[in-house]
1. In terms of Cα to Cα distance under 23 Å, which lysines are near enough to residue 107, apart from those fewer than 8 places away along the same chain?
2. Relative contact order for the chain: what percent, with Cα pairs under 8 Å and sequence separation of 6 or more?
3. Which is farthest toward the positive dipole end of the stretch 82-154 among 136, 154, 90, measuring Cα position about the Cα centre, with Cβ charges +1 (Lys, Arg) and -1 (Asp, Glu)?
4. Could you give the dipole magnitude of the stretch 82-154 about its Cα centre, charging the beta-carbon of Lys and Arg +1 and that of Asp and Glu -1, in debye to the nearest 20?
5. Mind telling me which of 14, 22, 142 comes out most flexible in a GNM of the chain, alpha-carbon contacts under 10 Å?
6. Tell me what the chain gives for mean residue ellipticity at 222 nm when only DSSP H runs of n ≥ 4 count, each as -39,500 (n - 2.57), the sum divided by the residue total, rounded to 500 deg cm²/dmol.
7. Would you calculate the volume per residue, in Å³, of the smallest convex hull containing every Cα atom of the stretch 82-154?
8. In whole percent, what relative contact order does the stretch 52-119 give with Cα contacts below 8 Å and a gap of six or more residues?
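Read-outs throughout are calculated quantities, based only on the coordinates presented, and are distinct from any laboratory measurement. Owing to the predicted nature of the structure, the values given are computational and were not obtained by experimental measurement. Quick reminder, even Gly has a Cβ in these numbers, built from the backbone with ideal geometry, and neighbours come from all protein chains shown.
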Amino acid sequence: MTDWRLRESTQGKLALFQCETLVADQVMPVLAFPFSAPEESISIVDEYSKEMAWIDRMDQLDADSQAAVKAYLALREFRPKVLRITSVSTYSTPSIWMLETDRGPCKFELPSDESIRRLAGNSLVLTHANGMQFIIDDLFALDARSRQILARFMA
């Protein structure tokens, strides 16, 4: 267990404490490896991006700090999960895809084949033309039609 604590500040931001001493009243957690290790290697930076603390693993924080960090990251690291690909405008790029995500239906623009990246295991990340990222946790958990569409772009 570490002596770092993160709590919501009076401005609605995260505040960093060491034991009970306030270190910085406006900080944000930044994941070093958001895809491969989202519970590890967390840098706590101030509003000027200066590193104030380093957390090796989320479970080193107390329960309240873990909840505060996870709530902040849920907003900052917004990456909808793809449940199904319902249609694609063309099998060349750029193309417009219609997706069903855990956040509802979405229109997605795939700018190039390189915008589909394999992660560890059967996971993929799709990067929209505007930079937003969508996650496929398990390629083989998708329906056959979705897998078929992806195969045409990943060949």
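1. 81
2. Details: 282 pairs, mean separation 22.0, N = 155.
Reported as a whole number, the value is 14 percent.
3. Result: 90.
4. Values: 8 positive and 8 negative charges, 22 e Å.
Its charge dipole is roughly 100 debye.
5. Checking each option, the largest mean-square fluctuation is seen for 22.
6. Details: 2 runs with 25 residues, N = 155.
It comes out at -5000 deg cm²/dmol, rounded to the nearest 500.
7. Convex hull volume per residue, Cα atoms: 78 Å³.
8. Worked out over the stretch 52-119, it gives 20 percent.
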